[in-house]
Every structure is written in structure tokens, then in C-alpha cells.
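**Q** Before I ask anything, let me first share the structure, which is written out below as C-alpha cells.
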Amino acid sequence: EPEVTQTPSHQVTQMGQEVILRCVPISNHLYFYWYRQILGQKVEFLVSFYNNEISEKSEIFDDQFSVERPDGSNFTLKIRSTKLEDSAMYFCASTREGHDTQYFGPGTRLTVL
Amino acid sequence: SQELEQSPQSLIVQEGKNLTINCTSSKTLYGLYWYKQKYGEGLIFLMMLQKGGEEKSHEKITAKLDEKKQQSSLHITASQPSHAGIYLCGADTWGTDKLIFGTGTRLQVFP
């Protein structure tokens, strides 16, 4: 069964460094999302992406964040200058169409020291 | 803004017992999605409900959405240790397909 994959599973970085989190959505899906979950808190929406542009973003998704679909398979989240409070589990999700089931990847645990 | 409240926050049941988890929205939903998460892992899709009054079942899990599309319940019959985990309800509303999630219900099943 097709699934969303994410790499790396765990990323440790120093404050101020740039990180890129990678996702491979399900191949025939057209809508892509990033969510994050700070330890012990709710899963929070960051950004949605469709037709090579951002559809919607949350207040969390400030100028330090960017997303890209560099080729036909990958979907990336870049954090330009990481802060301690960016430490969280980051989930990628994809779906065939809007308002349909979003399938989530296993997540990347980001630790900022 | 929309909020989803889940209850209970935590549930400990003996194997074989039935249980129910509730999810209440502050606004009318477009769709309601149930996911299961094991600690530190990804979200596994369980069921989606979009019509008022809809009910779906898969194996021993049944999910219902009320007619007003503001409340959902997840019922597990004859619970097993494999049902243990964190159950999350997520929802989208008209005009946006981003999901808002509840706080989760942590389920433990002991033999």
C-alpha cells in the first residue's frame, strides 16, 4: 500500500542553523501539507501546498519557513535559522484532493540545541 | 477559531471491555477524521465521516458523526492490547482543508 515517507527520522541541529526536512508524498496525490507537534501538545497545521504554490499557512509559518516541491516526487520544508522552540515532530501529509483523507508520514523529530 | 475537544484525556481499560471516546467541535464540520498515533510515531488513518448521522465500522472500531456535524464518537468493542495508543480526532471546515486536531485520548489496555 502506498505511503508517505519522511527523512530523516531524527535531526539534531544547533540554534541558528538551517534544516531541510524531506517528504515523499503518495505518488498520485496533489495536495501536500506540513504539520508539527511539540511534545505533549496538539498537532498543529503549518502550511498547505497545491499546484506549486502555498494554498494556506498558519501564523507559525513565518519568514523563517519555506516549502518547495523541487521535482515530481519530493516535498521539502526548510527552516532558515532554527530556534529552540522549533524543536518538535514535523509531519508531512498528502491527499488526492481537498477535503479528502490526509495520509501522514512517520514524522521527523527535530531537536534544536 | 475552531476548537476540538476530546474526552476523556486518558482511558485505562481491561482487555475485553468496550470503550467510547468523544470529540466535540465548536463549529459545524466539513469532515471528521479519526487517527491513531503510537507514542513518537506518525498518525495512522482510521476513518473519515462527512455526512450528518453517518456511522462507519472497521473491525472492532465504530465511529459516528451526529446530525449537526459537531460531535463524533469512536467506540471500540472488546478492546485488545493492540488498540492501545493515542486517538486523535481531526476536522476541516468549509473554505479550508487544513486539519484542526483535538488534544488526543491516551488509551491503555491491560490484560
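The values are calculated or read from the model by the stated rules, or taken from the named source; none is laboratory data. Since this is a predicted model, take the numbers as computed values, not measurements. With ideal geometry, Cβ positions are generated from the backbone for all residues, glycine too; neighbour counts draw on all protein chains shown. The protein model used for the area step is the full one, side chains on, heavy atoms only, and it has no ligands, DNA or RNA in it. Shrake-Rupley method; radii C 1.70, N 1.55, O 1.52, S 1.80 Å.
**Q** Only residues in segment A:46-63 that are more than 11 Å from chain B (Cβ to nearest Cβ) count as the first member; pair them with residues that are open to solvent by 70 Å² or more (accessible area, probe 1.4 Å), Cβ under 6 angstrom, at least 6 apart or cross-chain, and list the lot.
**A** none
**Q** Does segment A:47-62 contain any residue that is of a type in the set (D, E, K, R) and under 13 Å from the mean Cα position of the chain (by Cα)?
**A** The answer is yes, given that some residue of segment A:47-62 is of a type in the set (D, E, K, R) and under 13 Å from the mean Cα position of the chain (by Cα).
**Q** Out of segment A:19-77, which residues are surrounded by fewer than 17 Cβ atoms within 10 Å (Cβ to Cβ), of a type in the set (Gly, Ala, Ser) and at negative phi?
**A** Of everything in segment A:19-77, those that are surrounded by fewer than 17 Cβ atoms within 10 Å (Cβ to Cβ), of a type in the set (Gly, Ala, Ser) and at negative phi turn out to be A:Ser27, A:Ser55, A:Ser58, A:Ser66, A:Gly72, A:Ser73.
**Q** Pick from A:Thr82, A:Thr101: which is more than 13 Å from chain B (Cβ to nearest Cβ) and part of a loop (DSSP other than H, G, I, E, B)? Talk me through it step by step, then tell me what you get.
**A** On the way: A:Thr101 fails: more than 13 Å from chain B (Cβ to nearest Cβ).
It is A:Thr82.
**Q** Another question, then. Please determine, by comparing only the residues of segment B:83-99 that are modelled with pLDDT under 95 and open to solvent by 10 Å² or more (accessible area, probe 1.4 Å), which one is farthest from B:Thr20 (Cα to Cα).
**A** Filtering first and then ranking leaves B:Gly95.
**Q** For segment B:13-44, which positions are hydroxyl-bearing (Ser, Thr, Tyr), under 19 Å from A:Gly98 (Cβ atoms) and not in a strand (DSSP E or B)?
**A** B:Thr28, B:Tyr30, listed by residue number.
**Q** B:Tyr33 passes all but one of (1) open to solvent by 10 Å² or more (accessible area, probe 1.4 Å); (2) within 10 Å of the chain's Cα centre (by Cα); (3) not aliphatic (A, V, I, L, M); which number fails?
**A** Every condition holds for B:Tyr33 apart from (1).
**Q** Something else: Working only within segment B:45-93, note down all residues that are aromatic (Phe, Trp, Tyr) and either free of Cβ contacts under 8 Å to residues at least 60 places away in the same chain or part of a loop (DSSP other than H, G, I, E, B) (or both).
**A** Let us first name the residues in segment B:45-93 that are aromatic (Phe, Trp, Tyr), namely B:45, B:87.
Within segment B:45-93, B:Phe45 is the sole residue that qualifies.
**Q** Taking interchain pairs and intrachain pairs at least six residues apart, which have beta carbon atoms under 9 angstrom, with the first residue in segment A:70-87 and of a type in the set (Gly, Ala, Ser) and the second open to solvent by less than 60 Å² (accessible area, probe 1.4 Å)?
**A** A:Ser73/A:Val24; A:Ser73/A:Pro25; A:Ser81/A:Gly16; A:Ser81/A:Gln64; A:Ser87/A:Ile38; A:Ser87/A:Leu110; A:Ser87/A:Thr111; A:Ser87/A:Val112
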